[in-house]
1. Restricting attention to segment 233-246, and to residues there that are in contact (Cβ under 8 Å) with a residue 40 or more places away in the chain and open to solvent by less than 20 Å² (accessible area, probe 1.4 Å), which single residue is nearest to residue 219 (Cα to Cα)?
2. With (1) open to solvent by less than 30 Å² (accessible area, probe 1.4 Å); (2) over 12 Å from residue 177 (Cα atoms); (3) in contact with a Pro (Cβ under 9 Å, 6 or more places away or on another chain) as the list, and residue 249 as the residue in question, which single condition is left unmet?
3. Going through segment 75-96 one residue at a time, which ones are open to solvent by less than 30 Å² (accessible area, probe 1.4 Å), free of Cβ contacts under 8 Å to residues at least 40 places away in the same chain and either over 25 Å from residue 189 (Cα atoms) or touching a His at 6+ places or on another chain (Cβ under 8 Å) (or both)?
4. Quick check: is even one residue across segment 131-142 outside any strand (DSSP E or B), charged (D, E, K, R), at pLDDT 90 or above and over 15 Å from residue 251 (Cβ atoms)?
5. Give the residue, chosen from 233, 215, that is in a loop (DSSP other than H, G, I, E, B) and of a type in the set (Val, Ile, Thr).
6. Any residue that is among the aliphatic types (A, V, I, L, M), surrounded by fewer than 16 Cβ atoms within 10 Å (Cβ to Cβ) and within 21 Å of the chain's Cα centre (by Cα) - is there at least one of those in segment 199-222?
7. Test residue 72 against the criterion of being open to solvent by 30 Å² or more (accessible area, probe 1.4 Å) and farther than 23 Å from residue 218 by Cα, and give yes or no.
Amino acid sequence: MRKSHPLRRAVLVGAATVSGIVLLLSLKPTTDPASASASGLPPQQSAAAQAPQGGSGAQRTGTQDITGDAVRTPYGSVQVRLTVSDGRIVQATAVQAPQGGTSGQKTQLAVPRLNQAAVAAQSADIDTVSGATYTSNGYKQSLQSALDKMKASGGSSGSSDSGAAQALTLTGKAVRTPYGPVQVRITVSGGRITKAEAVQAPQGGTSGQKTQLAVPRLNQAAVAAQSADIDTVSGATYTSNGYKQSLQSALDQAGG
């Protein structure tokens, strides 16, 4: 039997080794970043990078406006719009109310008080304003319809809010004005002003008339703005400025 030549055997072993190396290189994963770059394709992303990103911001409901039904009265229609945030009424506005003559004067007196009462009560169970019975009743009916819509949309009035038991009442300092002191008391619940009222304000004569016109508007503005940055009521500058100073002192007690 003829023996293999040593040189030939070495050549065959070398050829087998080269073939093995080529085979290993051909099995290299195509997802290798370097190979992908060389081929002009982007590297594959991990499953974690491809997963959609979520967050609590997607669950925020924000603030919404809800308008009640227009209710007819002998002197004109009354319609209420509520601004609701986190299930609580933060502002109430009459988008329709009797206007002109005596009816308009009664509207100016009654509506600011009704707006304030709606925010304070968080319901339609509010008092009728003396001398404006028809407007008050129409307001309460429209307010109730807005509340019904709020509940139907998944919201809830503050009357069932467990945080209401933690309400805090804070009284600001009495601020002197040329016509008498002004002092404001606020009710805070859940970190928000839910009610504002003047426990002292100028009284008697023209000063008392201006107080009746200005204070309900200032109370409403304080609840709406959630701060002392509110407009001065025309014709009641001293009372307005005193109100804002006392309101700010009450807010300072609440931590701003």
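1. First, the residues of segment 233-246 that are in contact (Cβ under 8 Å) with a residue 40 or more places away in the chain: 238-239, 241-243, 245-246.
Adding the requirement that they be open to solvent by less than 20 Å² (accessible area, probe 1.4 Å) leaves 239, 242-243, 246.
On the way: 239: 12, 242: 13, 243: 9, 246: 12 Å.
For segment 233-246, the residue satisfying everything is 243.
2. (3)
3. Matches in segment 75-96: 76 only.
4. So the first thing to find is which residues in segment 131-142 are outside any strand (DSSP E or B), and the list is 131-142.
The next check asks that each one be charged (D, E, K, R); those that pass are 140.
Still in the list and also at pLDDT 90 or above: 140.
Next, only the ones that are over 15 Å from residue 251 (Cβ atoms) stay: 140.
The answer is yes; a qualifying residue exists.
5. From the options 233, 215, the qualifying one is 233.
6. no
7. Yes: the conditions hold for residue 72.
The values are calculated or read from the model by the stated rules, or taken from the named source; none is laboratory data. Quantities reported herein were computed from a predicted structural model and do not represent experimental measurements. Because the Cβ atoms are built from the backbone with ideal geometry, glycine has one as well, and the counts that use them run over all protein chains shown. Surface areas here come from the heavy atoms of the whole protein model, side chains and all, with no ligands, DNA or RNA. Shrake-Rupley method; radii C 1.70, N 1.55, O 1.52, S 1.80 Å.
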